[in-house]
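So the structure is just underneath, and the comments pick up after that.
Bear in mind these aren't lab numbers, they're just calculated from the coordinates by the rules spelled out. Keep in mind that this is a model prediction, so the values were computed, not measured. Note: ideal-geometry Cβ built from the backbone for every residue, glycine included; neighbour counts use all protein chains shown.
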Amino acid sequence: MPLKLAAVVACSALSLTSRGASAQLGADAALRIVEGCAAHARAKNQSHAIAVVDDGGHPVALLRMDGNAPGIGEFALQKATAVAYWRFSTADMATAARDTPGFASGPHVVVVPGGVPVYSADGQRFLGAVGVSGEAAADDVACAEAGVRVAGLLSTRRR
């Protein structure tokens, strides 16, 4: 079942396009990520909030599936924003916070898994991030990664 436009707030009219040497994660790609994640959640009888931000941490799309409190949507956005600022997953932030004194107090650090980076299909360019919240941390991560895959993008950088 496709998402209804009213259910998703798309905050950008840009699509995934090339601007000079960099690419932007725009509304079309963000909606594909949200749709892929929501389909994954429905298949598992789960409900998540899904936030997609561009490479500067600016919101592009947000969906709070039925049954989630408003705070769940805000937490998904915080996870996505943290990944955009630091350029690595919130699961890796948890490890960094444990291993690096003071890191947990840094700006925009989230130490709960569910935020993943979004890279171009070739894995070379960081485009933005997706944050998912509402279920167990492992389920949030699986949902985020599923959405990125459905969009034809990667959640890890290729060297």
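Which members of the stretch 39-63 meet the condition of being in contact with a strand residue (DSSP E or B) (Cβ under 7 Å, 6 or more places away or on another chain) and without any contact (Cβ under 8 Å) to a residue 60 or more places away in the chain?
Step one: of the stretch 39-63, the residues in contact with a strand residue (DSSP E or B) (Cβ under 7 Å, 6 or more places away or on another chain) are 48-55, 59-63.
Hits for the stretch 39-63 are P59, A61, L62.
Could you run through the stretch 120-144 and say how many residues are in contact (Cβ under 8 Å) with a residue 12 or more places away in the chain and surrounded by fewer than 23 Cβ atoms within 10 Å (Cβ to Cβ)?
So the answer is 13.
Checking the condition farther than 20 Å from R32 by Cβ and small (G, A, S), which residue from A69, A61, A84 passes? Give the steps one after another, and end with the answer.
Numbers: A61 fails: farther than 20 Å from R32 by Cβ; A84 fails: farther than 20 Å from R32 by Cβ.
After applying the criteria, what remains is A69.
Take the residues of the stretch 64-85 that are charged (D, E, K, R) and in contact with a strand residue (DSSP E or B) (Cβ under 9 Å, 6 or more places away or on another chain): which is farthest from A29 (Cα to Cα)? If you could, list the steps in order and put the result at the bottom.
Residues of the stretch 64-85 that are charged (D, E, K, R), as a first pass: 64, 66, 74, 79.
Filter once more, keeping what is in contact with a strand residue (DSSP E or B) (Cβ under 9 Å, 6 or more places away or on another chain): 64, 74, 79.
Numbers: R64: 18, E74: 21, K79: 18 Å.
In this case the residue turns out to be E74.
Within the stretch 105-120, is there a residue that is of a type in the set (S, T, N, Q), within 25 Å of R159 (Cβ to Cβ), part of a helix (DSSP H, G or I) and touching a strand residue (DSSP E or B) at 6+ places or on another chain (Cβ under 9 Å)? First the steps, then the outcome.
Within the stretch 105-120, the subset of a type in the set (S, T, N, Q) is 105, 120.
This time we only want the ones that are within 25 Å of R159 (Cβ to Cβ), so: 120.
Filter once more, so that each one left must be part of a helix (DSSP H, G or I): none.
Checked against the condition, which is being of a type in the set (S, T, N, Q), within 25 Å of R159 (Cβ to Cβ), part of a helix (DSSP H, G or I) and touching a strand residue (DSSP E or B) at 6+ places or on another chain (Cβ under 9 Å), the stretch 105-120 yields no hits at all.
When you scan the stretch 57-70, how many residues do you find that are out of contact with any Ser or Thr (no Cβ under 8 Å at 6 or more places or on another chain) and loosely packed, with under 11 Cβ neighbours inside 10 Å?
Total satisfying the criteria: 1.
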